[in-house]
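Participant: Sending over a structure as structure tokens; questions will come in a sec.
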Amino acid sequence: MPDARETQLLVIGGGPGGYPAALHAADHEIKVTLVDEDPKLGGVCLNRGCIPSKALLHTAKIIHEAHQMAEYGVSFGDPKIDLEKLRAFVQQKVVGKLTGGVAQLTKGRGVEVVKGHATFTGPQTVQVTGDQPCTISFKNCIIATGSVPIIPKPWQLNDPRVMDSTAALLLPDIPKKLLVIGGGYIGLEIGSVYAALGSKVTVVEALDSILAMADRDLVSPLEKKLRAEFEAIYTSTKVAALEAKPEGIRVTFEGKDVPGELMFDRVLISVGRRPNFANLALEKAGVKQDQKGFIPVDKQRRTNVSHIQAIGDIAGEPGLAHKATAEARVAVDVLLGEPAEWSPRAIPAVIFTDPEIAWAGLTQKDAEAQNVPHEVLKFPWAASGRAVSIARTEGLTKMLIDPESKRVLGVGIVGAGAGEMIAEGVLAVEMGAVARDVMESIHPHPTLSETVMESAELAYGGATHVGKPRKVAK
């Protein structure tokens, strides 16, 4: 018989929502039990998502930069890829180090970690199966089980050559020809890695553009670069069929000006993720879900069952690790009796391709769709001394402001290191800053961060290095 345990707070899921929630609660002397079925804590993000993909994208960036330096008089030989050593670097020196660090943190904070799968047996009990079978009674619970990749049934061939993002990041080999189904950020990031390693990459997207959620002027520099690096990018195109053949995966396309059939060595399916509620038995706890499987929550991250909260991907879009971590603090603060609520003005999004794309707050696309009054201020990186010195002038920084108050509504950046720069935009939006606040904050020179300052200058007549465009009379 499994042993019986009791805890004040049960956290289900050890990813970027779950383990921060457990640590934050333990810091306030709450008895915490964390249940996770992965061998190592960290969830999808750390074990097979955000972290390994960024390690591989860094590798791809170095390969590209080595090629580009030939234009400036410094030549390197063609890269020699030791796939086994690269895999070991990602899994042991990157993922292994970080997961080990999380394990040490939970141990040091006194968090009880139980390895296994939790299934609700009632509103205040779960049964854990797996490595450490037990039953757990809890006073409060935070569900943080994340999400899993979607693979439509017609494409489930039970063939290892048809991969989801998890399998692709394990680098089984470097296929000569790789098809990426889905022009979202995951597909483009992984496609960029394989292209740098030597694969001929084709991307197919059902919508009329890649990265449909982002502003077109931010996507344009990236798309131009990817079309040069990839074999092809087909938009407004559907995959009608996948067929496993001894020589490869035969793919049938439907769309205008696209080949009817092509053969690929491997196929990556990257068409989205869905909330991970498998075998949770939420109904036994009385927890409701919406039609898409997400768990609806209020501003305190409470479900319809007041002592059960949900955070991260399982609780709705956007499916971002940093959103889950921020929700974790809110959820625990609520348990501590703090006047906490989830009401961010800006959740940053970053696409870690090269160039990177990042935005925070209101996008121009959303502002136009919602009829929000706004003024767009754009600073091209061709006018940035730092961008010129590192040969990355394809970038663009833009700021959306309220036309009357000049309050910053949103910031968008495309270019090298955009993900590192977007935090300033988050702070500006969250603090209700006006463009003058950003303009009068002295930025170091020469840096790419100056482009944020100079875009703000455009609100007041013209930036130092770019004049304000004349308004054309209608």
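Participant: With viscosity set to 1.306 mPa s and temperature to 10 °C, compute the Stokes-Einstein D of the stretch 1-132, Rh being the Kirkwood radius across alpha carbon pairs; µm²/s, no decimals.
Facilitator: 92
Participant: If you don't mind, another one. Amide H to amide H under 5 Å from residue 11: which residues, 5+ apart in sequence or cross-chain, H placed 1.01 Å off N in plane?
Facilitator: It is 33, 34, 35, 142, by chain and number.
Participant: Got a sec? What order do 186, 62, 442, 143 fall in by accessible area at 1.4 Å, biggest, i.e. largest, first? Don't jump to the answer; show the numbers that get you there.
Facilitator: On the way: 186 40, 62 85, 442 160, 143 0 Å².
Largest accessible area first, the list is 442, 62, 186, 143.
Participant: Run through the stretch 152-242 and list the trypsin sites (Lys or Arg not before Pro) located in a DSSP loop whose Cβ has at most 12 other Cβ atoms within 10 Å.
Facilitator: 176
Participant: Another question, then. So what's the net charge close to residue 212: Lys and Arg +1, Asp and Glu -1, counting the other residues with Cβ under 13 Å from its Cβ? Provide the component values of the computation, followed by the final result.
Facilitator: On the way: positive: 216, 365; negative: 205, 208, 215, 223, 366.
Summing Lys and Arg as +1 and Asp and Glu as -1 gives -3.
Participant: Would you please name the GluC sites (Glu not before Pro) within the stretch 158-255 that are DSSP coil residues with at most 10 other C-beta atoms within 10 Å of their C-beta?
Facilitator: Taking the stretch 158-255 and a limit of 10 other Cβ atoms within 10 Å, the loop GluC sites (Glu not before Pro) found are 247.
Participant: Against the globular-protein guess of 2.2 N^0.38 Å, express the Cα radius of gyration of the stretch 118-274 as a ratio, rounded to two decimals.
Facilitator: Computed over Cα atoms of the stretch 118-274, the ratio equals 1.29.
Participant: Next question. What figure, in Å² to the nearest 10, do you get for the accessible area of residue 443 with a 1.4 Å probe and non-protein molecules left out?
Facilitator: Using a 1.4 Å probe on the heavy atoms, I get roughly 20 Å².
Participant: Turning to a different aspect of this structure: Based on alpha-carbon centroids, what's the gap between the stretch 306-368 and the stretch 17-57 in Å, whole number please?
Facilitator: Comparing the Cα centres of the stretch 306-368 and the stretch 17-57, I get a distance of 16 Å.
Participant: If you don't mind, there's one more thing I want to ask. Pop a pseudo-label 7 angstrom from the Cα along the beta-carbon direction at both residue 240 and residue 465 and give the gap in nm to one decimal.
Facilitator: Here the answer is 5.1 nm between the modelled labels.
Participant: Nothing charged except the Cβ atoms of Lys and Arg (+1) and of Asp and Glu (-1): what's the magnitude of the dipole of the stretch 1-84 about its Cα centre? Round to the nearest 20 debye.
Facilitator: Numbers: 7 positive and 12 negative charges, 21 e Å.
Magnitude of the dipole: close to 100 debye.
Participant: Counting pairs of alpha carbon atoms under 8 Å apart in space and at least six apart in sequence, what relative contact order in percent does the chain give?
Facilitator: With pairs under 8 Å counted, the relative contact order is 13 percent.
Participant: Oh, and also: So which DSSP H runs in the chain come out at 24 Å plus along the axis (Cα) with average Kyte-Doolittle of at least 0.0?
Facilitator: 50-68
Participant: Just how large is the dipole of the stretch 239-398 about the Cα centre, in debye to the nearest 20, putting +1 at every Lys and Arg Cβ and -1 at every Asp and Glu Cβ?
Facilitator: Result for the stretch 239-398 is approximately 280 debye, rounded to the nearest 20.
Participant: Assign one of three labels to the stretch 404-471, namely rounded, prolate or oblate, based on the Cα gyration tensor with a ≥ b ≥ c the square roots of its eigenvalues; rounded applies when a/c is under 1.5, prolate when it is not and a/b is larger than b/c, and oblate otherwise.
Facilitator: Oblate, because a/c is 1.5 or more while a/b does not exceed b/c.
Participant: Quote the charge dipole size of the chain about the Cα centre in Debye, to the nearest 20; the model charges only the Cβ of Lys and Arg (+1) and of Asp and Glu (-1).
Facilitator: Here the size comes out at about 240 debye.
Participant: Name the residues whose placed amide hydrogens come within less than 5 Å of the amide hydrogen of residue 301, ignoring near sequence neighbours (fewer than 5 apart) on the same chain.
Facilitator: 342
Participant: Can you bin the chain into rounded, prolate or oblate? Criterion: square roots of the alpha carbon gyration tensor eigenvalues sorted a ≥ b ≥ c, rounded for a/c under 1.5, prolate for a/b above b/c, oblate for the rest.
Facilitator: Cα axes put the chain in the oblate bin.
Participant: Could you give the nm distance between label points at residue 252 and residue 232, where each point is 7 Å from its Cα heading toward the beta carbon?
Facilitator: Distance between the two pseudo-spin positions: 1.7 nm.
Participant: For the chain, can you list the cysteines whose C-beta has no other cysteine C-beta under 4.7 Å from it?
Facilitator: Isolated Cys, the chain: 134, 141.
Participant: Roughly how far apart, in whole Å, are the Cα centres of the stretch 254-304 and the stretch 404-473?
Facilitator: Cα centroid of the stretch 254-304 versus Cα centroid of the stretch 404-473: 36 Å apart.
Participant: How far, in nm, would the chain grow between residue 81 and residue 302 when pulled straight, counting 0.36 nm per residue and subtracting the alpha carbon separation?
Facilitator: So the extension gain works out to 74.7 nm.
Participant: Do any trypsin sites (Lys or Arg not before Pro) in the stretch 1-94 lie in a DSSP loop with no more than 12 other beta carbon atoms within 10 Å, and if so, which?
Facilitator: The qualifying sites are 80.
Participant: Need one word for the stretch 141-219: rounded, prolate or oblate. Basis is the Cα gyration tensor (sqrt eigenvalues a ≥ b ≥ c); a/c below 1.5 gives rounded, then a/b vs b/c decides.
Facilitator: Values: a/c = 1.55, a/b = 1.05, b/c = 1.48.
The shape class here is oblate.
Participant: From Cα pairs below 8 angstrom and at least 6 apart in sequence, can you work out the relative contact order of the stretch 78-163, rounded to a whole percent?
Facilitator: Here the relative contact order equals 13 percent.
Participant: Would you grab the residues whose amide H sits under 5 Å from the one on residue 240? Only those 5+ places off in sequence or on another chain, please, with H modelled 1.01 Å from N.
Facilitator: Here 252, 253, 254 satisfy the definition.
Participant: How high is the relative contact order of the stretch 209-294, in percent, with contacts defined as C-alpha pairs under 8 Å that are six or more residues apart?
Facilitator: 16
The values are calculated or read from the model by the stated rules, or taken from the named source; none is laboratory data. Fair warning: this is a prediction, and the values are worked out from it, not measured in the lab. A quick note on method: Cβ atoms are made from the backbone with ideal geometry, for glycine too, and the neighbour counts reach across all protein chains shown. Surface areas here come from the heavy atoms of the whole protein model, side chains and all, with no ligands, DNA or RNA. Shrake-Rupley method; radii C 1.70, N 1.55, O 1.52, S 1.80 Å.
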